[in-house]
Amino acid sequence: MTTVATVRGPVDTIDLGQTLMHEHIFNITAEIEGKTYVLPTVWDNQIVSPDEAVKRAHARGLDKWPSYKTEDEASKRYDAMHGYMEQDAWH
């Protein structure tokens with residue numbers, strides 16, 4: 001049995017049905033050194049705290065993540081990407 005970690009515990013992949021990738025991506029918006037980043041909070045198959053997510057993003061290199069001038073700009077970009085993924089998945 002192959003499972004995925006969810007907030008309610010492991011779920012067998014056979015029980016998921018059609019699932020869009022973005023439906024199980026957790027992220028935070030963080031302002032770091034005057035820039036706003038959208039960072040994942042799932043690392044090594046574990047949900048980590050926001051502080052740990054920032055620490056791990058720093059360790060990997062913040063230049064690897066897109067940055068935005070404001071949280072509003074970051075949210076708009078995230079919403080746009082969400083829309084693109086839905087179009088790709090359903091059309």
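Of note:
- Residue 46/residue 71 FRET efficiency (R0 22 Å; Cβ-Cβ; nearest 0.05): 0.30
- Summarising the label geometry, the points placed 7 Å from Cα in the beta-carbon direction at residue 5 and residue 32 lie 2.0 nm from one another.
- Cut-off under 5 Å, modelled amide H: who pairs with residue 67 long-range: none
We did not get these values from a lab; they are worked out from the coordinates using the rules stated. Everything quoted here is computed from the prediction, not taken from an experiment. Here the Cβ is made from the backbone with ideal geometry for all residues, glycine too, and neighbour counts use every protein chain on show.
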